[in-house]
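Following: one structure in C-alpha cells, then a few remarks.
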Amino acid sequence: ATKSFPLTQVQFRQELYKAKALAKLGEVMAIMSEYDSAIEYYEKSFDILKKEPNRNRMEMSMVLHGKGLAYYWKNGEKEDLEQAMKCFEQSLLFKQVILGFSDIGLASTYEQMGNVMVEMGETSAAVPYYDE
C-alpha cells in the first residue's frame, strides 16, 4: 500500500482552490436547474476536501449544504429528499464541530432540514428543526 503524506501548504492551497472552483460550478449548475451536474461537481469538490478533513471542515460543510440543496430542488422525489436530508445532516455535524451547538451559523441548515421534512409531508417532524 502506498503511504499518504500531508500536503504541503502550497499543495493544500492549490487543492483548496480547485475544490472551491468545483463547488462554484456546482452552484452555477444548480442555478441553471442542472441538478445532476451540480451534484457531480459538489461530489468532486468534496472528494478533494476530504483528503484533509481537519483543515477543510467549513468548506466540506458548505459543499454538503450545496449538494443537499441540489437534491432538494431536483424533483421532490422521496429518494432525492432523503439524500438532501443526509447531506444537511452531515453538513450540520461539520458546522457543530467548528461553531458549537448554539451558533447562529447552524440556522440555515436546520431550516433546510425542516423544509425537507415539510416537502416529505412530515410537517410535525419539521417543527423541531425550525425550533432550533
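Values in this text are rule-based calculations from the coordinates and carry no lab data. Keep in mind that this is a model prediction, so the values were computed, not measured. Cβ placement follows ideal geometry from the backbone for every residue including glycine, while neighbour counts extend to all protein chains displayed.
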(message) If each DSSP helix of 4+ residues adds -39,500 (n - 2.57) and the sum is divided by the residues in the chain, what number results at 222 nm, nearest 500 deg cm²/dmol?
(response) -25500 deg cm²/dmol
(request) Using θ = phi - 60° and the Karplus relation 6.51 cos²θ - 1.76 cosθ + 1.60, list the HN-Hα couplings for segment 58-75 in order, rounded to whole Hz, with x at every Gly or Pro. (result) 5, 5, 5, 4, 5, 5, 5, 5, x, 5, x, 4, 4, 5, 5, 7, 3, 7
(request) Apply the Karplus parameterisation 6.51 cos²θ - 1.76 cosθ + 1.60, with θ equal to phi minus 60°, to every residue of segment 26-41 and state each ³J(HN,Hα) to the nearest whole Hz, in sequence, with x for glycine and proline. (result) x, 4, 4, 4, 5, 4, 7, 6, 9, 5, 5, 5, 4, 4, 4, 5
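For a protection proxy built on the mean count of beta-carbon atoms within 10 angstrom, sort 74-81, 114-121 highest first, please.
Numbers: 74-81: 13.8, 114-121: 18.0.
Going from most to least packed, we get 114-121, 74-81.
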(message) Can you compute the charge dipole magnitude of the chain about its Cα centre, using +1 on each Lys and Arg Cβ and -1 on each Asp and Glu Cβ, nothing else charged? Give it in debye, rounded to the nearest 20.
(response) 860 debye
(message) So the label point goes 7 Å from the Cα of residue 73 along Cα→C-beta, right? Which residues of segment 89-121 then have their backbone N under 20 Å from it?
(response) 89-92, 107-120
(request) Just need the relative contact order of segment 1-112 here, percent rounded to a whole number, with Cα pairs under 8 Å and 6+ apart. (result) 20 percent
(request) Please compute the net charge surrounding residue 33, taking Lys and Arg as +1 and Asp and Glu as -1 over other residues with Cβ under 13 Å from its Cβ. (result) -2
(request) Over all alpha-carbon pairs of the chain, lay out the pair-distance distribution in 10 Å bins, whole %, shortest bin first. (result) 14, 39, 32, 12, 3
(message) Can you tell me which lysines have their Cα less than 19 Å from the Cα of residue 74? Leave out same-chain residues fewer than eight positions away.
(response) 24, 44, 86
